[in-house]
Amino acid sequence: MFKKILLVSALLVSSASAHTAVMTCFDNGDGTITCEGGFSDGASGSGVAMYIKQNDKKVSEGLMNEDSEFTFTKPQGEYNVNFDAGKGHLVSIKGQDIVE
C-alpha cells in the first residue's frame, strides 16, 4: 500500500513540475507583430520554431531569437501565429486577438 501511495505522489509531483509553452504577441503599431515565448518553468523559448498561417498555409516562418522574441510583418486578413516547441508544446494565437 505504501508503495502505491509513493508512486502516485511521485507522478503528481512529476506532472506538477512539467512545463507548459507560453506565448504573448503584441502589435507594434508599425505594421509588425512581436511575439515573446517560453515555458512556464522559466525556460527560454530561444530557437523554438515560429510560423504564421493563413488559410492553412504557412506564409512566414522562423525561430525565436536569443531573447525569446520573434517579429514579423503583419499579414493582411485573418492569420494565426504559432509557437511550436514540439509535441504537446504548441501555442497558437489568432491575429484578431493581437492588439497594440
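Filter segment 17-45 down to residues that are in a strand (DSSP E or B) and in contact with a His (Cβ under 8 Å, 6 or more places away or on another chain) and give me whichever is surrounded by the fewest Cβ atoms within 10 Å (Cβ to Cβ). Only one residue fits best here, namely F39. Among residues belonging to segment 46-96 that are free of Cβ contacts under 8 Å to residues at least 12 places away in the same chain and outside any loop (DSSP other than H, G, I, E, B), point out the one that is surrounded by the most Cβ atoms within 10 Å (Cβ to Cβ). Per the criteria, the residue is K58.
Each value in this text was obtained by applying a stated rule to the coordinates, not by laboratory testing. Not measured: the values here are computed from a predicted model. Quick reminder, even Gly has a Cβ in these numbers, built from the backbone with ideal geometry, and neighbours come from all protein chains shown.
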